[in-house]
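This report refers to the structure that appears directly beneath it.
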Amino acid sequence: MRERAKDLLDWYDVHARVMPWRTPPADKRAGTRPNPYAVWLSEVMLQQTTVAAVKDYFTRFTTRWPTVADLAAAEDGDVMAEWAGLGYYARARNLLKCARAVVAQHGGRFPADHAALLALPGIGPYTAAAISSIAFDLPHAVLDGNVERVMARIYDEHTALPAAKPILMAHAEALTPVERPGDYAQAVMDLGATICTPKSPACGICPWRTPCLARQRGTAPELPKKTPKKAKPVRHGTVYVARRPDGAYLLERRPDRGLLGGMLGWPGSDWVDVSLDRPAGTPPVKTDWTVLQGEVRHTFTHFHLILTVMLAETDAEPDTGRFLTQAEFGPSDLPTVMRKAFDLTRH
Ligand code: SF4
């Protein structure tokens, strides 16, 4: 096992991906310690989002809030606005809760302890393992989608996901070395992202090509096996976009709990499982509304959403929400689904 980890670490020393939150292996050898705040922030942002999409967000966050204490002191609305577009908004709310807990309970320093990390808001087993290993070099196995694929292939594991997770985790734990576990965790992720890719793994240049059972047996492209997902239901709703002649828009902040919680959005109807043949919900202001041609389509984790968009130009007093001036609001403050509705009004 130690040989296998060494082969991968040798490869990582040469081929590690450059990322703004990462401490490169050469810097670590020179004595630079990873920044736990950067590791935590990047791991939360990377959940269900790609590295390419996260880089700009990470840079903006760390420029505006360079330490966890700075983030803990931020206004909720500012953080939600910076997060807009990354999706999964419960993560942003938990991000703030976690930053504040790190300040209140740990003096502004992330604890170098797996159990203490796990006790923080929004930190589950995966993130706790990632911070433990990457930030503090503790030997915890990290199992993300890339690592699952690599483990399934080197052990030629044909049990389908998600049932295979504990088996793959056991393999990942057995392989995790005591020396340089942080670099090792990142090395497996990099291997999965750059060499052991889903469709066409580059086995010829893989540091694990000799022991890999899937390469020997020709099964790599079909692994990992996955249990087919159920088709997502489709929900329907209506949003009301009201613009004042001075360019202000009528918006409301959604309740903290639930989907898009705490984010700005257009007032609108509930989202229901039946197709609607007319606009739904109560308009937030009494005026003449126009149904826009086209519709907004957006996919959440558990359902597809189709929104009808209503548009009005008015300076009447709203029943719900508040007009935000151009100085108070920019479209980038909106979560993606709401921004799509905004974009439709501009066509
Ligand atoms: S040899 Fe091929 S299938 Fe096996 S781990 Fe390497 S890239 Fe993946």
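Numbers below:
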quantity: Cβ-Cβ FRET estimate between Asp27 and Tyr126, R0 fixed at 25 Å, reported to 0.05; calculated: 0.50
quantity: Most to least accessible of Glu317, Glu3, Glu82 (protein chains only, probe 1.4 Å); calculated: Glu317, Glu3, Glu82
quantity: With all protein chains modelled, accessible area of Tyr88 [1.4 Å, Å²]; calculated: 90
quantity: Calculated on alpha-carbon atoms, Rg and Dmax of the stretch 87-212 in Å; calculated: 16.3, 51
quantity: The chain: angle of helix 181-194 to the longest principal axis, Cα-based, in degrees nearest 10; calculated: 70
quantity: Size of electric dipole in the stretch 276-347: Cβ of Lys, Arg +1 and of Asp, Glu -1, about Cα centre, debye, nearest 20; calculated: 300
quantity: Cβ-based charge dipole, the chain, positive-most Cα from Cys98, Thr345, Pro201; calculated: Pro201
quantity: For the stretch 112-267: accessible area per residue (Å², 1.4 Å); calculated: 44
quantity: For the stretch 1-78, the spread of Cα positions along each principal axis, largest first, Å; calculated: 49, 28, 20
quantity: Rounded to the nearest 10 Å², the accessible area of Arg217 at probe 1.4 Å; calculated: 140
quantity: Selected from Thr127, Thr325, Thr336 as most flexible by GNM, with the chain as the system and alpha-carbon contacts under 10 Å; calculated: Thr325
quantity: Efficiency of FRET between Ala170 and Arg257 - r from beta-carbon atoms, R0 41 angstrom, step 0.05; calculated: 0.70
quantity: Whole-Å distance, taken between Cα centres, linking the stretch 259-326 and the stretch 88-103; calculated: 28
quantity: Nearest-0.05 FRET efficiency for Ala116 and Lys232, computed from C-beta distance (R0 41 Å); calculated: 0.65
quantity: Highest-fluctuation residue, Thr308, Thr62, Thr32 considered, GNM on the chain with Cα pairs under 10 Å; calculated: Thr32
quantity: Net lengthening on full extension, Arg4/Ala53 (0.36 nm per residue, minus Cα-Cα); calculated: 14.5 nm
quantity: Of all accessible heavy-atom area on the stretch 103-254, the percent that carbon and sulfur account for (1.4 Å); calculated: 57
quantity: Solvent-accessible surface (1.4 angstrom probe) belonging to Trp271, in square angstrom, nearest 10; calculated: 50
quantity: Reachable lysines, given that their alpha-carbon falls under 19 Å from the alpha-carbon of Lys6 and they are not under 8 places away in the same chain; calculated: Lys28
quantity: Options Gln293, Gly281, Trp40, ranked by Cα towards positive dipole end of the chain, top entry (Cβ charges); calculated: Trp40
quantity: Rounded D (µm²/s) - the stretch 192-280, Kirkwood Rh over Cα pairs, Stokes-Einstein at 4 °C, 1.567 mPa s; calculated: 70
quantity: For the chain, the Rg and Dmax computed from alpha carbons only, in angstrom; calculated: 23.5, 73
quantity: Listed residues Trp11, Trp83, Trp266, most fluctuating in the chain (Gaussian network, C-alpha, under 10 Å); calculated: Trp11
quantity: Student exercise, the chain dipole from Lys, Arg, Asp, Glu Cβ charges, in Debye to nearest 20; calculated: 920
quantity: Beta bridge orientation in the chain: antiparallel %, DSSP, nearest 5; calculated: 55
quantity: Order of exposure, largest accessible area first, which applies to Arg60, Arg346, Arg93 with probe 1.4 Å; calculated: Arg346, Arg60, Arg93
quantity: Paired Rg and Dmax values of the stretch 1-140, which use every Cα atom, in angstrom; calculated: 15.4, 50
quantity: Lys28, Lys286, ranked by accessible area, largest first (probe 1.4 Å); calculated: Lys286, Lys28
quantity: Ratio Rg/Rh [Cα only; Rh per Kirkwood] for the stretch 243-347; calculated: 0.93
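The values are calculated or read from the model by the stated rules, or taken from the named source; none is laboratory data. Keep in mind that this is a model prediction, so the values were computed, not measured. All Cβ positions, even for glycine, are placed from backbone atoms using ideal geometry, and neighbour counts span all protein chains on display. Note: areas computed on protein heavy atoms with side chains; ligands, DNA, RNA excluded. Shrake-Rupley method; radii C 1.70, N 1.55, O 1.52, S 1.80 Å.
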